[in-house]
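Contents: one structure, followed by commentary.
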Amino acid sequence: MSRIGRMPIAIPAGVTVDIAENNHVTVKGPKGTLERTLPSEMAIKEEGSEIIVTRPNDLKKMKSLHGLTRTLINNMVLGVTNGFTKELEVNGVGYRASKSGKKLTLNLGFSHPVEMEDPEGLEAVVEGNKITVKGIDKEKVGQYAAEIRNKRRPEPYKGKGIKYADEVIRRKVGKTGKK
């Protein structure tokens, strides 16, 4: 039995979960509303103040989908109650990030500033050399943070670039001169 899949999902106060046909789940909460169509093979039931996901049989594919379905619903519930954040750090001489309205401007040593528009439902906050991406959809928050990081990945010699706050960069030793 899937350890994650069989755990019930607690529904906090102020959150409503609607399960329509074809496993179309809508979660409404204080921060907003999330919708998602989940695999139709899984049985999603609301029992009291919790949601239970069960699988029809023990095929490998069903075992995989069981834990996935439960985690996706749980992330939707967590998103509409607390929201998700990802922190990025900008390291390097002359590397800067600034925000005006919904536009994020990154100066990353290129001949031009890199401009990015905040996607719908997400917000990027800049404080000094830190960029914080906030939103209720975990997938979108992670995707936008990855796109920002991709503009200038951290390099292993000086550690310059945009990295996640909890990321550890494996540093390399540079070339040594001839004797």
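The values are calculated or read from the model by the stated rules, or taken from the named source; none is laboratory data. Small disclaimer: the values here were computed from a predicted structure and weren't measured. Here Cβ is always computed from backbone atoms with ideal geometry, including for glycine, and neighbour counts include all displayed protein chains. The protein model used for the area step is the full one, side chains on, heavy atoms only, and it has no ligands, DNA or RNA in it. Shrake-Rupley method; radii C 1.70, N 1.55, O 1.52, S 1.80 Å.
Structural remarks
- In region 7-35, the residues that are more than 15 Å from THR69 (Cα to Cα) and modelled with pLDDT under 95 form Cβ pairs under 6 Å with partners that are part of a strand (DSSP E or B) and of a type in the set (Gly, Ala, Ser), at six or more places apart or across chains, as follows: VAL15/GLY29.
- Tally, over region 115-147, of residues that are under 16 Å from LYS163 (Cα atoms) and either touching a strand residue (DSSP E or B) at 6+ places or on another chain (Cβ under 8 Å) or in a helix (DSSP H, G or I) (or both): 15
- All positions within region 107-129 that are touching a helix residue (DSSP H, G or I) at 6+ places or on another chain (Cβ under 9 Å) and of a type in the set (D, E, K, R): ASP118, GLU120
- Pair list, Cβ < 9 Å and 6+ apart or interchain, from region 166-177 residues that are on the phi < 0 side of the Ramachandran plot and touching a residue at least 12 places away in the same chain (Cβ under 8 Å) to residues that are of a type in the set (D, E, K, R) and open to solvent by 100 Å² or more (accessible area, probe 1.4 Å): ARG171/LYS158; GLY174/LYS158
- Scanning region 163-179 for residues that are open to solvent by less than 50 Å² (accessible area, probe 1.4 Å) and either over 24 Å from the mean Cα position of the chain (by Cα) or more than 17 Å from ALA146 (Cβ to Cβ) (or both) turns up just one, GLY174.
- Entry remark, region 37-71: residues being part of a helix (DSSP H, G or I), within 25 Å of the chain's Cα centre (by Cα) and more than 10 Å from ILE9 (Cβ to Cβ) number 9 in total.
- Boolean, LEU122 is open to solvent by less than 30 Å² (accessible area, probe 1.4 Å) and closer than 26 Å to ILE169 by Cβ: yes
- Residue list for region 75-92, filter: open to solvent by 40 Å² or more (accessible area, probe 1.4 Å) and part of a helix (DSSP H, G or I): LEU78
- Residues located in region 143-162, provided they are within 30 Å of VAL77 (Cβ to Cβ) and either at pLDDT below 95 or open to solvent by 20 Å² or more (accessible area, probe 1.4 Å) (or both): GLN143, ALA146, GLU147, ARG149, ASN150
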